[in-house]
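Structure record follows, encoded as structure tokens.
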Amino acid sequence: FDNEKVTVIFVLGGPGAGKGTQCARLVKDFHFCHLSAGDLLRAEQNREGSQYGTLIQTCIREGTIVPMEVTIKLLEHAMAAAMREGKTGDGWSEDRGRFLIDGFPRKMDQALKFDETVCLSTLVIYFSTTEQVMLDRLLERGKTSGREDDNVESIKKRFRTYKSDTMPVIEHYASLGKVAEVNSSGSVDSVYKLVGDVVEDIFSGGKY
Ligand code: UP5
Ligand code: MG
């Protein structure tokens, strides 16, 4: 994708930090196309005839990372479809696609590959909070979510992978000056105030 035509914002943060919740709010105010890598993987897992179903299911339950080829292909297809259907970017200019890519890249190899083969990201929004907050939220959600990874054993493994594989990605983008850290411990509304300002700032120059 041509960086003149698309703006990509990565949304990172630990399991249950609030990525999906805040992205849903940002979509309403800023007309992004929101793509959650986890949601795309879960949809692929359930797609009839998918050759990756079992692989994805195992990775998600074990809190490990699905091989990047699978995830990047799903993201690229979803971005292309959104561009084709004109589902993005009606907020500021007609011809720019604005994407919030949620829960990706979670590992350095994915980050480098995406930058190289898909497009460069403009910004990384990093939702930070404590493991206790994340655990409480996920266990609460687990009562009704039906997500196979919302149980204590899987959550512990997700925390481990997050620390070993995803924190280095955040540090990498921080060293490039691309990370906006947002404390996501507060209420949904108070976190949204913080993140809304960050996005407002990015767009106020008219460049993205
Ligand atoms: N909630 C949210 N904000 C709140 C607030 N401020 N106050 C109180 N409650 C709040 O929120 C989680 C829960 O908390 C919800 O019930 C919400 O109402 C409440 P949510 O917004 O869903 O948090 P989010 O950060 O999106 O949590 P999620 O569980 O989706 O994060 P993960 O990063 O663990 O999950 P994801 O779907 O991204 O990935 C799942 C798995 O897929 C990974 O473990 C991995 O195995 C695989 N994967 C890959 O292999 N590669 C990828 O690139 C991506 C995923
Ligand atoms: Mg999510």
Distance in Å, no decimals, from the C-alpha centre of segment 156-208 to the one of segment 1-41 is 11 Å
Most fluctuating residue of PRO168, PRO15, PRO105 in a GNM of the chain with Cα springs under 10 Å: which is it? PRO168
Neighbour-limited loop hits for chymotrypsin sites (Phe, Trp or Tyr not before Pro), segment 134-184 (at most 15 other Cβ within 10 Å; DSSP other than H, G, I, E, B): none
Can you list the residues, at least 5 places off or on another chain, whose amide H is less than 5 Å from the amide H of PHE127, using H built in the peptide plane? LEU12, GLY13, VAL182
Tell me, what HN-Hα J-couplings in whole Hz come from the Karplus equation 6.51 cos²θ - 1.76 cosθ + 1.60 at θ = phi - 60° for each residue of segment 197-208, using x for Gly and Pro? 5, 4, 5, 3, 4, 4, 7, 5, x, x, 7, 10
Residue among LYS157, LYS107, LYS193 with the largest mean-square fluctuation in a Gaussian network model of the chain, springs linking Cα atoms under 10 Å: LYS193
Using 1/(1 + (r/R0)^6) with R0 = 35 angstrom and r between the beta carbons of ASP197 and ASN46, what's the FRET efficiency to the nearest 0.05? 0.40
With the 8 Å Cα cutoff and a minimum separation of six or more residues, segment 1-148 has a relative contact order in percent of 46 percent
Please list 178-191, 120-133 highest first by mean number of surrounding beta-carbon atoms within 10 Å per residue. 120-133, 178-191
Please give the peptides 55-64, 139-148, 36-45, 5-14 ranked by average Cβ packing (other Cβ atoms within 10 Å per residue), highest first, as a rough proxy for protection. 5-14, 36-45, 55-64, 139-148
Among ASP150, ASP2, which comes first, then next, by fewest other beta-carbon atoms within 10 Å? ASP2, ASP150
Straight-line reach from LYS19: which aspartates and glutamates fall under 17 Å, measuring Cα to Cα and dropping same-chain residues less than 8 apart? ASP29, ASP39, ASP102, GLU131, ASP136, GLU140, ASP149, ASP150, GLU181, ASP189, ASP197
For the chain, what is the calculated [θ] at 222 nm in deg cm²/dmol (nearest 500), taking -39500 (n - 2.57) for each run of four or more DSSP H residues and dividing by its residue count? -16500 deg cm²/dmol
When every alpha-carbon pair in the chain is counted, what percent end up more than 29 Å apart? 21 percent
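Values in this text are rule-based calculations from the coordinates and carry no lab data. None of the values given here were measured: they were computed from a predicted structure. No Cβ is skipped: glycine too gets one built from the backbone with ideal geometry, and neighbour counts run over all protein chains shown.
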